[in-house]
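Here is the structure we will look at.
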Amino acid sequence: MTVKEIFDTMDYGLAPESAKEALGWIAERKGQFGLYIGGRMTGVGDTFATRNPANGEVLAQVTQATPDDVDTAVTAARKAQRKWAALSGHERAKYLYALARLVQKHSRLFAVLETLDNGKPIRESRDIDIPLVARHFYYHAGMAQLQDAELPDREALGVCGQIIPWNFPLLMLSWKIAPAIAMGNTVVLKPAEYTSLTALLFAQICDEAGLPKGVVNIVTGDGRVGEAIVTHEDIDKIAFTGSTEVGRVIRRETAGSGKSLTLELGGKSPYIVFDDADLDSAVEGLVDAIWFNQGQVCCAGSRLIVQEGIADRFYAKLKARMDKLRMGDPLDKSIDVGAVVDPVQHAQITKLVEAGASDGELYQAPCPIPDTGCFYPPTLITGLSSASMLMQEEIFGPVLVATTFRTPSEAVEIANNTRYGLAATVWSENVNLTLDIAPKLAAGVVWVNGTNMFDAAAGFGGVRESGFGREGGWEGLQTYTKPRAKAQSLKPIAAFAAPKEAKVDALDRTAKFYIGGKQARPDGGYSQAVWSKQGDLLGHVGIANRKDIRNAVEAAHAAAGWSKTTGHLRAQILYYVGENLSARAEEFAARIDAMMGGRNGRKEVEAAVSRLFTYAAWADKYDGAAKPVPMRGVALAMNEPVGVIGGFCPDDAPLLGLVSLMAPAIAMGNRVVLAASEPFPLAATDFYQVLDTSDVPAGVVNIVTGSHAELASPLAGHLGVDAVWAQSGADISAIVEGESAGNLKRSWVNNANARDWFGAAGEGREFLVHATEVKTIWVPYGE
Amino acid sequence: MKSEATSTRAKGGDRAAAQLPQVTHPRNPGMELNMDWVRATQANTSAIERRCSALPGRRSVKKDHQAAWLLKAITMIDLTTLAGDDTPGRVRRLCAKAAHPVRPEILSALGVGNITTGAVCVYHDMIAPAVETLRHMGVALPVAAVSTGFPAGLSPYHLRIEEIRESVRAGASEIDIVISRRHVLTGNWQALYDEMRDFREACGDAHVKAILATGELGSLRNVARASLVCMMAGADFIKTSTGKESVNATLPVSLVMIRAIRDYYEATGYRVGYKPAGGISKAKDAITYLALIKEELGDDWLTPDLFRFGASSLLGDIERQLEHHVTGHYSATYRHPMG
């Protein structure tokens, strides 16, 4: 075209970023890569091709790591870990700072390589991915620097196995590696098989930073390599970002292994537009939500929920905006939508849309589709309802599905009508409305009048089947550190057996379950006697079965209002429970002594009263945070209740143990279903009388008795339970973790280790962390 | 939601046609003031800023395309001098530059014939020398005059109306009026509407550009609402600034105004023009503005009929970029005739 012709048409033309340097970098390595283990690149093993999805061309041959390779990498990481953790925080900070600087120095090489390997537009890799990577290393250099002073009671976990996805290859690497090594862990990281190249370039900058050998190890390959990492016995922690399906498998495979686990999984994030929103900006937000990275974003705002009265106008504006989207060569600087990562993904998107689009009306951007490469046009499907398959299933492509709502509460209901809970977006110019809606949304991240905002200072992660654990911020360090404590094995405690000659008080006393504020008989109709050491019949307790669990969870759900109460109210009630327990201290002490055959009863009651006071104190003091994110606005980190928590109470402290689980949970607004100490259940059943007289609303605390081993599976497997804490004397950690895979509930298990319920380990922040989810609410502002 | 257009005063494009093929648009006749629409209009500042900061990274125009876009930008410049020391001689020099904004050998290397700027823009007393110079040169280039007590717009109302009439009589075919900012700041939309109606009436066949002085309106929401009201009252163009405020044209303000133009077009079918003024001095900025227009309003607006830059130093930077494009070497200011 001549200048004259362009003058008339005003076309954009091509603005390609050169791939020369990146291809040169690959060529210098002869187009083939080994693994990065113990600070050096290994020889090339069996390889597979990594391709440019925009044109199908092979970029390089990458090694498929063997289980032996993984083992070598873990050994290298293990060898390096102690020395690495022993460095001062400042020493580690210097390395992280060097990594941040090196990412910046090689920023264009990283960006081009990322776009070649992944297919995302160069604008995104250049302006978003790589700057966020550098930011993440800078931020965590600071965390290493502050560790000694700010986190003196915590220490590194050890060797971390990290498995990352292909949608943000280098960014996810940084989210995994930076906090891990900052805290003194060493890592074995597996990039996704489609996108290994920037991780291999990162290996090079680890060398340039002089990072000690073995601190970072990178093994490439497909899911088999991931499996070798997940099942490796000498790995202390698994961090996985990827599909919910694989996350579930990992949860099951690591169950009972003692490995710490964080999962960042899929989503079907709602994008709510109220009728008083700046509609044009909300439309533009959707470009950043669902057409960012071809919609291959776990937190993509993929479910548009728009107020009915403006829906037609909004859809018209949206379609007009879609008409302007440009799709094509991701290296072209004027491209909005690049290639999806692989033909397999393209086929998956195509299949889902073909299967579900007929439920609504399909509109696709009229942009020309390149002849070769994996390109899928921006797509909108309107007129769907919550029952439509496409409203429920994650598509992981540039496909937006839409429905309408009438009222704010209906918007919340539709938004939360999903198994997922990663992110949510709310558009309205009414601050009252947005700040009311944001806390009600089931999501780890909420964006108000914006979308897909990320920063190292702000926690990111999900609830429900979107996984657990946070990345970024102080909260992100929780999952890369543990309390400094020596583990001691838990000694099983058996109930006193029935004596040959029973000593029975004539007056029968039958303890029941406490469900929904009422005493309930066991569904199964079975009970068991509780004997003292001397052979006195102390009473009978029911043996709970799965239906009792069902009833208790249902009661806990009915008490959802508790989560909306104020911390002040919850504090008052906890103090009152303490007061009433104190009034009956003698009786409880005697009961404990009778059950356990000891003389610690009084001490335990006093400790329990103190513990109730502790959490009454915490109820209105476990503050959230306002994160200093780099924008005009505020990112609020709010500590929200997890929901319904199932707890298996410790055997060895029948009253204090129960209070130690119950009090932090309800102080933070959770409702609980507790299985009482198995050998000594009567303190718990006496305790419900205290609850009854202390204004604890019905259903907030539910108590059952019975076999923990029997109840572990129904409680941990219950899809309406949000977390399970297994502090039982019975060895149920593996069952609880395995069963929790069903809805990916949070699990906190003791791995058969003892805890000193009377000491400092028995209360405090560790409990509060487990009793809350951090929700990050981004509120940009400005007039 | 939006009422029918109420005026039939539209006469169609009466301005001297520029030298390139152009689509003529019916003039915006205006409509009744629709307060429901005005009050429902929102502008979320942070989101608007994000869109604007991402745009230059989303659209990149290179090589021949860049040269063509820069030529286009020149045809959209209202080459402006608004200084107290303006003289007929100064204005004659400006007009000569407007008629031949780029050295002919650069144009021929690019394979295009002569182009002109969109207009020249002067104070009332300089209209006559400008019109005369252009007629003498045989160049059909509109002369725009700033009016209505520019830049503050606080002179007696009847004099502001009369100033428009005088300027039209003096030969200005485009009148850049300034609105009373106080009407916006006090939410007196009816007063703003009435004032704009009167100004439009006084312009007759001359096109009227409404200068909102966005730097003094306090918020983007006010900018959006003032834009709508001025269009409802019959503005042919809406324009950001006088160039005399401390903050003049910005991308966020532009985005708000052109989205208002888009909404108005969707509701009425009339295309209103847009003129950012003040602060645009780099070729790169000009391309970003054109990309913004292309993205948000569409190619229809990429014509001097519907888009102008109010700028004095932009042309110089574009000339240097064009010479660089032709020669492959960076240029110098003194190599290009001054305006």
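Taken across region A:255-272, residues that are closer than 22 Å to A:V446 by Cβ, touching a Ser or Thr at 6+ places or on another chain (Cβ under 6 Å) and of a type in the set (A, V, I, L, M, F, W, C) do occur, with at least one present.
In region A:5-110, counting only helices (runs of 4 or more DSSP H) that sit wholly within it, none holds 2 or more residues that are among the charged types (D, E, K, R) and within 14 Å of chain B (Cβ to nearest Cβ). The set of residues from region A:232-289 being more than 14 Å from chain B (Cβ to nearest Cβ) and assigned to a helix (DSSP H, G or I) comprises A:T244, A:E245, A:V246, A:G247, A:R248, A:V249, A:I250, A:R251, A:R252, A:E253, A:T254. Mind checking whether some residue in region A:435-442 is buried (at least 24 other Cβ atoms within 10 Å of the Cβ), under 24 Å from A:W562 (Cα atoms) and of a type in the set (V, I, T)? No, region A:435-442 has no match at all. Filter region A:1-35 down to the residues that are farther than 30 Å from B:L297 by Cβ and touching a Leu at 6+ places or on another chain (Cβ under 7 Å) and list them by number. Scanning region A:1-35 gives A:A19, A:E21, A:A22, A:W25, A:I26, A:F33.
Residues in region B:69-95 that are of a type in the set (K, R) and within 11 Å of chain A (Cβ to nearest Cβ): B:K72 alone.
Residue by residue, here is whether (1) in a helix (DSSP H, G or I); (2) away from every other protein chain (no Cβ under 14 Å); (3) of a type in the set (V, I, T); (4) crowded, with 22+ Cβ neighbours inside 10 Å holds:
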residue	(1), (2), (3), (4)
B:P56	yes, no, no, no
B:A67	yes, no, no, yes
B:D125	yes, yes, no, no
B:A130	yes, yes, no, yes
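This table checks each residue for (1) among the polar types (S, T, N, Q); (2) touching a strand residue (DSSP E or B) at 6+ places or on another chain (Cβ under 8 Å); (3) buried (at least 17 other Cβ atoms within 10 Å of the Cβ).
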{"position": "A:G356", "(1), (2), (3)": "no, yes, yes"}
{"position": "A:P370", "(1), (2), (3)": "no, yes, no"}
{"position": "A:P378", "(1), (2), (3)": "no, yes, yes"}
{"position": "A:M389", "(1), (2), (3)": "no, no, no"}
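The single condition among (1) surrounded by fewer than 24 Cβ atoms within 10 Å (Cβ to Cβ); (2) of a type outside the set (A, V, I, L, M, F, W, C); (3) in contact (Cβ under 8 Å) with a residue 60 or more places away in the chain; (4) within 13 Å of chain B (Cβ to nearest Cβ) that A:G338 does not meet is (1). Applying the condition of being within 14 Å of chain B (Cβ to nearest Cβ), not charged (D, E, K, R) and not in a loop (DSSP other than H, G, I, E, B) to region A:116-133 and asking which residue is farthest from A:Y194 (Cα to Cα) yields A:P131. Picking from residues in region B:301-333 that are among the aliphatic types (A, V, I, L, M) and within 14 Å of chain A (Cβ to nearest Cβ), the one that is surrounded by the fewest Cβ atoms within 10 Å (Cβ to Cβ) is B:V326. Residue under question is A:V426, and the condition is that it be β-branched (V, I, T), away from chain B (no Cβ under 14 Å) and either surrounded by 23 or more Cβ atoms within 10 Å (Cβ to Cβ) or free of Cβ contacts under 8 Å to residues at least 40 places away in the same chain (or both); does it hold? When the stated conditions are applied, A:V426 does not pass them.
Based on what the data block shows, is A:S385 farther than 27 Å from A:A443 by Cα and of a type in the set (G, A, S)? Considered against the rule, which asks whether it is farther than 27 Å from A:A443 by Cα and of a type in the set (G, A, S), A:S385 comes out as no. Considering only residues that are surrounded by fewer than 20 Cβ atoms within 10 Å (Cβ to Cβ) and in a loop (DSSP other than H, G, I, E, B), look in region A:759-783 and name the one that is farthest from the other protein chains (Cβ to nearest Cβ). Across region A:759-783, the extreme among qualifying residues is A:G759.
Residues in region A:46-94 that are in contact with a helix residue (DSSP H, G or I) (Cβ under 7 Å, 6 or more places away or on another chain) and surrounded by fewer than 17 Cβ atoms within 10 Å (Cβ to Cβ): A:P67, A:S88, A:H90. Taking region A:527-632 as the region of interest, the strands (runs of 3 or more DSSP E) fully inside it that hold 1 or more residues being more than 21 Å from A:A495 (Cβ to Cβ) and in contact with an Asp or Glu (Cβ under 8 Å, 6 or more places away or on another chain) are A:625-627. Scanning region B:286-313 for residues that are among the small types (G, A, S) and farther than 21 Å from B:T242 by Cβ yields B:A291, B:G298.
For A:R252, indicate whether it is touching a Gly at 6+ places or on another chain (Cβ under 8 Å) and either crowded, with 24+ Cβ neighbours inside 10 Å or among the basic types (K, R) (or both). Spelling it out, A:R252 is indeed touching a Gly at 6+ places or on another chain (Cβ under 8 Å) and either crowded, with 24+ Cβ neighbours inside 10 Å or among the basic types (K, R) (or both). When region B:213-249 is examined, which residues are found to be buried (at least 21 other Cβ atoms within 10 Å of the Cβ) and β-branched (V, I, T)? Result: B:T214, B:V223, B:V229, B:I238, B:T240, B:T242. When B:I115 is tested against the conditions (1) over 16 Å from B:G316 (Cα atoms); (2) touching a Pro at 6+ places or on another chain (Cβ under 8 Å), the lone failure is (1). State the number of residues belonging to region A:193-204 that are under 26 Å from A:K83 (Cα atoms) and crowded, with 19+ Cβ neighbours inside 10 Å. So the count comes out to 5.
When region B:171-193 is filtered for residues that are in contact (Cβ under 8 Å) with a residue 24 or more places away in the chain, more than 16 Å from the chain's Cα centre (by Cα) and within 15 Å of B:A226 (Cα to Cα), the ones remaining, listed by number, are B:S180, B:R181, B:V184, B:L185, B:W189, B:Q190, B:L192, B:Y193. I'm trying to understand the selection: among the residues of region B:219-240, which are more than 14 Å from every other protein chain (Cβ to nearest Cβ), over 18 Å from B:E266 (Cβ atoms) and part of a helix (DSSP H, G or I)? Passing the criteria: only B:A226. A single member of A:L146, A:L173, A:L189 is within 24 Å of A:T47 (Cα to Cα), assigned to a helix (DSSP H, G or I), touching a residue at least 24 places away in the same chain (Cβ under 8 Å) and not acidic (D, E), and it is A:L173. Within the set A:A635, A:A665, A:A625, the sole residue that is in contact (Cβ under 8 Å) with a residue 24 or more places away in the chain, touching a strand residue (DSSP E or B) at 6+ places or on another chain (Cβ under 8 Å), within 14 Å of chain B (Cβ to nearest Cβ) and under 24 Å from A:W474 (Cα atoms) turns out to be A:A635.
Applying the condition of being touching a helix residue (DSSP H, G or I) at 6+ places or on another chain (Cβ under 8 Å) and in a helix (DSSP H, G or I) to region B:132-156 and asking which residue is farthest from B:A206 (Cα to Cα) yields B:M137.
Read the figures in this text as sums done on the coordinates, not as results from a lab. Because the structure is predicted, anything quoted here is derived from the model rather than measured. No Cβ is skipped: glycine too gets one built from the backbone with ideal geometry, and neighbour counts run over all protein chains shown.
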